[in-house]
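Each remark here refers to the structure printed beneath this line.
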Amino acid sequence: MPAVPQVLKQRDYRLLFSGYVASLLGDGMVGVALAFAVLDNGGSPSELGLVLAARLLALLACLLAGGVLADRIERRKVMVAADLTRMISQGVLAALLIEGRPSIATIALLTAVTGAATGFFNPASSGLLPLVVKPELLQQANGLRGTAQAAGEIGGPLLAGLLVVAASPGWALAIDAATFAVSAAFLTRLRLPAHVNTASQSFIKDLKRGWGAFTEHTWVWSFVFAIAVGNIFWAAWSALGPVVAKQELGGAAAWGTVLAAMGAGGVLGGAIAIRANPRRPMLLVVGTGPIFATPIALLAAHAHTALLAVAAFCSGVVLVLGNAIWESTLQRQIRREEMSRVSAYD
């Protein structure tokens, strides 16, 4: 029987991890639920792309400010406020979808609110973990988080697909809203060291300091730039995958199966990350990149669901493994008081 990872013996990480598990299950449902909320309401593929873009643009608009704010005040407060905001926005959207057929503009607006809150949550979350976990246990912690995320991507899409078929995408989003409340509750129980405000008096100066911390490490900014280019193409997977599934693969259940396969690969990748100790971590991370081209190419070639699922599984393995190693390396090498600002660029 495998030994329990050392990091799970720490009380505060167990609380933090429990919140992750809850919210990541809900997040795993959103991809399927949101896509078919648009398509089943008569939305076109272009309108689905606009809804997804609204979420990402709002997130992008708030990331840098979120990074500065998380380095200036206690990061937990930022995360709890973001969780409660997302609980409300997802809850309202869920209620509208259950009761009727909201306009595409309304779906986009509420999705943007969720994205904006996530833009504040993510940098704070990256900066909080090194305060809870010892440096030598960071990769275990990130590997476990990746495993939880992958597990949510298995159960979430399958459950969302069933709910879409049997009832309404709104019920999946209602569960997502509830998980944000659970996450906030766990966060409030953390015992954190006293926050030391090392910020400058000017918000702009703090923003510039964050940019300086990001650009002073060539390995950081060059890797982020390379992955950003890849993400441009990966976005086609999120926007067009549900459309292809609806037109050629049988609908929500088929797309949920493909996403669940990616989640299963992520579980394996997370298990590897918990125990891996690469001598040259960034070389390993960079080497995983080309694998992501496979599922997108197969989607473009109108491949069968089973083949797509195999490619998605392989992508899931390298995604979680690479992310865990990358995040751990970043958290070890970047000064803690600047971690949230640097991670905002990431």
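Numbers below:
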quantity: Answer from 230, 212 - the residue that is surrounded by fewer than 18 Cβ atoms within 10 Å (Cβ to Cβ), in a helix (DSSP H, G or I) and either modelled with pLDDT under 85 or aromatic (Phe, Trp, Tyr) (or both); calculated: 230
quantity: Any hit, the range 318-338, residues being farther than 21 Å from residue 221 by Cβ and hydroxyl-bearing (Ser, Thr, Tyr); calculated: no
quantity: Conditions (1) in contact (Cβ under 8 Å) with a residue 60 or more places away in the chain; (2) in contact with an Asp or Glu (Cβ under 8 Å, 6 or more places away or on another chain); (3) closer than 29 Å to residue 96 by Cα; (4) open to solvent by 10 Å² or more (accessible area, probe 1.4 Å); number of the one not met by residue 121; calculated: (1)
quantity: The range 294-303, subset touching a residue at least 24 places away in the same chain (Cβ under 8 Å) and open to solvent by 40 Å² or more (accessible area, probe 1.4 Å), residue nearest to residue 322 (Cα to Cα); calculated: 296
quantity: Qualifying positions in the range 234-284 - surrounded by fewer than 16 Cβ atoms within 10 Å (Cβ to Cβ), of a type in the set (Gly, Ala, Ser) and part of a helix (DSSP H, G or I); calculated: 235, 236
quantity: Residue within the range 31-51 that is under 19 Å from the mean Cα position of the chain (by Cα), open to solvent by 30 Å² or more (accessible area, probe 1.4 Å), over 30 Å from residue 250 (Cα atoms) and in contact (Cβ under 8 Å) with a residue 40 or more places away in the chain present; calculated: no
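The values are calculated or read from the model by the stated rules, or taken from the named source; none is laboratory data. Being a predicted model, the structure only gives us computed values, none of them experimental. Because the Cβ atoms are built from the backbone with ideal geometry, glycine has one as well, and the counts that use them run over all protein chains shown. Heavy atoms of the whole protein, side chains included, go into the accessibility calculation; ligands, DNA and RNA do not. Shrake-Rupley method; radii C 1.70, N 1.55, O 1.52, S 1.80 Å.
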